[in-house]
C-alpha cells in the first residue's frame, strides 16, 4: 500500500511538472499610439538571441515569434510610418540577452533582459537601451508547471516589448522635430 501511494504521488508530481512544450508566441497588447510618427520612415526589425522550443523540454522564446511581436507592437504604437524590409531607412535590432529558467515551484517568476538598438540605414546608432522585465505566473494560472513557465515567459516577453517600445517612443518626446525631417 505504501508503494502504491508513493508511486501515485510521483506520477502526480511528474504530470504537474512536464508536458509537451509548445512554441511560444508572445502576443502584445496595443502600445499607446502617438499622434504622428516620431520617425519619418519605416523600420526593419531583427531579433537574435532567442531559442527554439524543444518539444520535450520547457517552452522557449524563438527569434521569429519575438520579432513578429515586436513588429506588431511597433506598428500599433505609430512610432514609425510602418514596418519595412531591409531597404527601410531605420533598423531596430533586439538581442535577447537573458531570461531566467525556473525549475520547480508553485509560482514562476521570470526575469528577462534584452538590448534594443535603433540605427539609420548607414549604421549610425540613434538610440539604444537595455530593457529589463519581470512576470510572475501563479499556481492558479495553470495547474501544469510547464504551462505556468510558458505563461511567465510570455508575460515577461510582452512586458519587455512594451517597455522597449515605450523607451523608443520617449526618446523623441522632448524633440521639436522628428529625426529625418528638416
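Rule-based calculations on the coordinates, nothing more; no lab input. Note that the coordinates shown come from a computational prediction; the quantities given were computed from them, not determined experimentally. When we count neighbours, we look across all protein chains shown, and the Cβ atoms used for this are built from the backbone with ideal geometry, even at glycine.
Taking 19 Å as the cut-off, the amide N atoms of region 81-109 that come nearer than this to a point 7 Å along the Cα-to-beta-carbon line of residue 125 belong to 90-98.
Sort 124, 51 so that the residue with the fewest other Cβ atoms within 10 Å of its own Cβ comes first and the one with the most comes last. Each step should come with its number before you reach the end.
Values: 124 8, 51 14.
Fewest-to-most Cβ neighbours within 10 Å comes out as 124, 51.
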